[in-house]
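The values are calculated or read from the model by the stated rules, or taken from the named source; none is laboratory data. This one's a predicted model, so the numbers in the text were calculated from it and none came from an experiment. Heads up, the Cβs are rebuilt from the backbone with ideal geometry, glycines too, and the neighbour counts pull from every protein chain shown. Ligands, DNA and RNA are excluded from the accessible area calculation, which covers all protein heavy atoms including side chains. Shrake-Rupley method; radii C 1.70, N 1.55, O 1.52, S 1.80 Å.
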Amino acid sequence: MSTQDAGADRYRWVKEGSLGAGRLRFGADYNPEQWSREVWRDDMRLMQRAGVNIVSLGIFSWALLEPRPGEWDFGWLDEIIDLLHESGIDIDLATATASPPPWMSRLHPEVLPVTEDGTVLHPGGRQHWRPTSPIFRFYGLRLVRKIAERYADHPALVAWHISNELGCHNVFDYSDDAARAFRTWLQDRYATLDELNDAWGTAFWSQRYAEWDEILPPRVAPTHLNPGRQLDFERFSSDALRDYLRAESAVLAEVTPSVPRTTNFMVTEVFPSIDYATWVDDVDFVSNDHYLRPGAGGRDELSFSANLTGNLALGRPWFLMEHATSAVNWRDVNTAKREGELARDALTHVGHGADAVCFFQWRQSRAGGERYHSAMVPHAGEDSRVYRDVAELGRTLTDLAPVTGTTRLPARVAILFDWESWWVAERDSHPSSRLRYRAEALDWYTALLDLGVRADVVPLDSCFDDYEVVIAPMLHVVSESVRSRLVAFVASGRELVVTYFSGIVDEHDRVWLGGYPGALRDLLGVLVEEFAPLLPDQRTALSNGATARVWTERVRLADESVTVLATYTDGDLEGAPAITRRRVDGGGATYVASDLGADGVRMVLSGLSADIPALQGDVRAAAGALEIVVRADERSEYCFRINRTDADVSSPLRGGIPLIEGDSDESDVRVPARGVVVTRAALGR
Ligand code: GLA
């Protein structure tokens, strides 16, 4: 079943709560346990002033709620929940299981995760639990039930926040619990050991298994690990956390069936390890956490992640559970956001479908490992740029209330996104260790933005048939069913663009034989006998003006309907095809055999746009200076113009009227540097 079909039934948005219908949600993770009652009262005043209407509460409260096994203290939580409710602020209540209390690992050290080299991850940080531990599950679910029963009827409870960023620090556990659960998972997947041996190619290096008990998680070994086992372990690890999510969700469903349930995903470049396309059906609405990458390209990466999140959510509203008002505390250098970025980032998420804008966290901690992470109320207090910007954003979101509940309009161009290709394409034992799956996908997204073309980033298993152009960057893992879907897509007169190192292996990381790009060779009409990766300082020029880095391939034409769009003009491959296109009844299949970076990709797309109208830019995008995103319902269309530059940009209004920000005359609107203008146009007149 595709993601598109499967998620359709379960969608439920946050309950109306104190706010009533038709308003965007605004708030933060709130950690009142770090503060005195006096500060709580000040928090209520400042939240109201900023327009906060929801908080996620209790995420890291387990040690206070259950100070000793089976001994409960809910008094303080009762108090703050009532105070929030009296202040008109609703609660996305956490199940509080994210970080177990010190007594747990003292009593049960066997819940602690183990790394691939056998190191035990001790308490003292957070998330020190094995996803497959039956003991952790017993205590965790007992706590979930307690909380659910206690607050089931509280009017402030509008959603459940299950655990927190499941797998952020513990996604891969190599313990004996994991070994047992992995074997069970494998027995579900493979009917027999013979099947498993065949899938993993265990004839290689004497790895053949005679008993299930011989199978271990991929712990550190003398050299390259079996790739089939690695891929299955990654799938298993993603599934193991989903099982835990399901277990908490089942308790909540039993006790509070009417309260929607979510968990915060991490759709971002820094977290590859969970295939969220397989989690969407397990939440009532999608939530995401995203942190801006400082410097060049960060803004486009944010848009890419927000767009992908919107497509995981099938175009329906989703919840931005966390982002930062300014600096984080976990990069090498943690820069403050620049003027305008706080609002621009938040509104970019809204453009891509977020109906809730929340931050980590409400008040900047005084102590603990996150004391230098920004918050809505910084150490400097309310007389600060950050708090003023926060309050301003609160007002903007109030003005944007009409956008609530609208869906994002699909683009005409899609970029396929596949978590398994991300995992496998960057595996060790490959022709080059320098390939970067997500960076390649982002280059195509950036190049499309540069040209003023809207694109959707869509999970591989969702329906892409309605797009006019589908781009498959480094789609390395291609099963027979994916191959057939792509063949059918092109046969229906659409355009497919595939990049290097695609179609190479099947779903077990076994190479498709007969020459590369393996599964997609006939569709693309090319044949590659050998890869030609480049050394770090090597570059190769292409006849269309682009420059290849990192990767090239020696391509030969294998079908007479294929034309060469660009050749290499120097180096070992001089004269050989670098970009090809096979024409197929009204559509085509283009192959780009090199890593060209966003600049080179832009040249490829410009070249193709003469033949493919969907690749021609929107004039409102002002030649790529603005990103255009559109949300709509039956009555209105809301166009978000997001300034990608540090200068003011003018954009044709095209019938819209500014809903927020932007000086306009009759024909144009001015979008301030790093600003966002939203216009509204009536539909169906
Ligand atoms: C994650 C966590 C939060 C906080 C932030 C800091 O997103 O969920 O608790 O640690 O990171 O960026």
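Tabulated results
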{"quantity": "Given 15 as the ceiling on other Cβ atoms within 10 Å, longest exposed-site-free region of the chain for GluC sites (Glu not before Pro) in DSSP loops", "calculated": "340-559"}
{"quantity": "Protein accessible area in segment 449-553, 1.4 Å probe - carbon and sulfur %", "calculated": "50 percent"}
{"quantity": "Extension gain from residue 666 to residue 539, taking 0.36 nm per residue of separation minus the Cα-Cα distance", "calculated": "40.8 nm"}
{"quantity": "Size descriptor, Kirkwood hydrodynamic radius, that averages inverse alpha-carbon separations across segment 288-334, Å", "calculated": "11.7 Å"}
{"quantity": "Segment 391-448: Rg to Rh, with Rh as the Kirkwood radius over Cα pairs", "calculated": "1.24"}
{"quantity": "Restricting segment 564-601 to trypsin sites (Lys or Arg not before Pro) in coil, as DSSP defines it, with at most 16 other Cβ within 10 Å", "calculated": "none"}
{"quantity": "Top positive-direction residue, dipole computed over segment 301-341 with Cβ charges, set 340, 311, 325", "calculated": "311"}
{"quantity": "Relative contact order (%) - criterion: Cα under 8 Å, at least six apart; region: segment 1-142", "calculated": "20 percent"}
{"quantity": "The chain, relative contact order in percent, only Cα pairs under 8 angstrom and at least six apart counted", "calculated": "11 percent"}
{"quantity": "Cα-projected label distance for residue 395 with residue 585, points at 7 Å along beta-carbon direction, nm", "calculated": "5.9 nm"}
{"quantity": "Rg/Rh ratio calculated on Cα atoms of the chain (Kirkwood radius)", "calculated": "0.97"}
{"quantity": "Whole-number D in µm² s⁻¹ for segment 499-566, Kirkwood Cα-pair radius fed into Stokes-Einstein, 25 °C, 0.890 mPa s", "calculated": "188 µm²/s"}
{"quantity": "Cα gyration tensor category, rounded, prolate or oblate, for segment 1-101 with a/c compared to 1.5", "calculated": "oblate"}
{"quantity": "Label point distance in nm, residue 122-residue 647, each placed 7 Å from Cα along Cα→Cβ", "calculated": "5.7 nm"}
{"quantity": "Cα convex hull of segment 246-398, projected area averaged across orientations, nm²", "calculated": "10.4 nm²"}
{"quantity": "Check: segment 412-508 dipole with +1 on Lys, Arg Cβ and -1 on Asp, Glu Cβ, in debye", "calculated": "200 debye"}
{"quantity": "Protein accessible area in segment 219-354, 1.4 Å probe - carbon and sulfur %", "calculated": "53 percent"}
{"quantity": "Three-way shape call for segment 179-327 based on the alpha-carbon gyration tensor, with the a/c threshold at 1.5", "calculated": "oblate"}
{"quantity": "Charge dipole of segment 454-527 about the Cα centre (unit charges at C-beta), most positive-ward option of 479, 501, 463", "calculated": "501"}
{"quantity": "Calculated FRET value between residue 48 and residue 371, using beta carbons and R₀ = 30 Å, to 0.05", "calculated": "0.70"}
{"quantity": "Calculated FRET efficiency for the pair residue 180/residue 246, C-beta based, R₀ 22 Å, to 0.05", "calculated": "0.75"}
{"quantity": "Cβ-based charge dipole, segment 27-81, positive-most Cα from 53, 40, 30", "calculated": "53"}
{"quantity": "Largest-first principal axis extents of the Cα set of segment 601-644 (Å)", "calculated": "37, 23, 15"}
{"quantity": "Accessible area of the chain divided out per residue, in Å², using a probe of 1.4 angstrom", "calculated": "38 Å²"}
{"quantity": "Under 17 Å from the residue 610 label point (7 Å along Cα→beta-carbon), backbone N, segment 554-584", "calculated": "563-567, 579-583"}
{"quantity": "Area accessible to solvent at residue 142, 1.4 Å probe radius, in Å²", "calculated": "80 Å²"}
{"quantity": "For the chain, size of Cβ-based charge dipole, Lys and Arg +1, Asp and Glu -1, in debye", "calculated": "1000 debye"}
{"quantity": "FRET efficiency estimate (nearest 0.05) - Cβ-Cβ, residue 33 to residue 214, R0 45 angstrom", "calculated": "0.45"}
{"quantity": "Extension gain, residue 273 back to residue 491 (0.36 nm per residue minus Cα-Cα distance, nm)", "calculated": "75.1 nm"}
{"quantity": "Gyration tensor (alpha-carbon) shape descriptor, segment 513-623, a/c threshold 1.5", "calculated": "oblate"}
{"quantity": "Residues in segment 10-53 reached by a label modelled at residue 73 [backbone nitrogen below 17 Å; 7 Å Cα→Cβ]", "calculated": "32-38"}
{"quantity": "Debye, to nearest 20: dipole size of segment 456-590, +1 on Lys, Arg Cβ, -1 on Asp, Glu Cβ", "calculated": "200 debye"}
